[in-house]
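Okay, so here's the structure we're looking at.
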């Protein structure tokens, strides 16, 4: 049985000015946000993206479309 390594493409979600503020924000479990911000642990978003929390969204910030769709389905059912 052969084993293959799947390369994950690097995704640069920083803004064009080079800051660590993401281009889009993701939905994650509320209780994991503070823990990640303080301890540096990674969180898993509804869309499956894994990252450490580095910034808090401001009202009107862009939201990941995949996360938004999954969240809307969760609220309906």
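Between residue 56 and residue 32, the simple label model (points 7 Å from Cα in the Cβ direction) yields a spacing of 2.0 nm.
Using mean Cβ contacts within 10 Å as the protection proxy, how do 61-67, 38-44 order, highest first? Mind dumping the intermediate values first?
Details: 61-67: 14.7, 38-44: 11.9.
Sorting 61-67, 38-44 by mean packing, highest first, produces 61-67, 38-44.
Only the coordinates and a few stated rules stand behind these numbers; no lab work does. Because the structure is predicted, anything quoted here is derived from the model rather than measured. Note: ideal-geometry Cβ built from the backbone for every residue, glycine included; neighbour counts use all protein chains shown.
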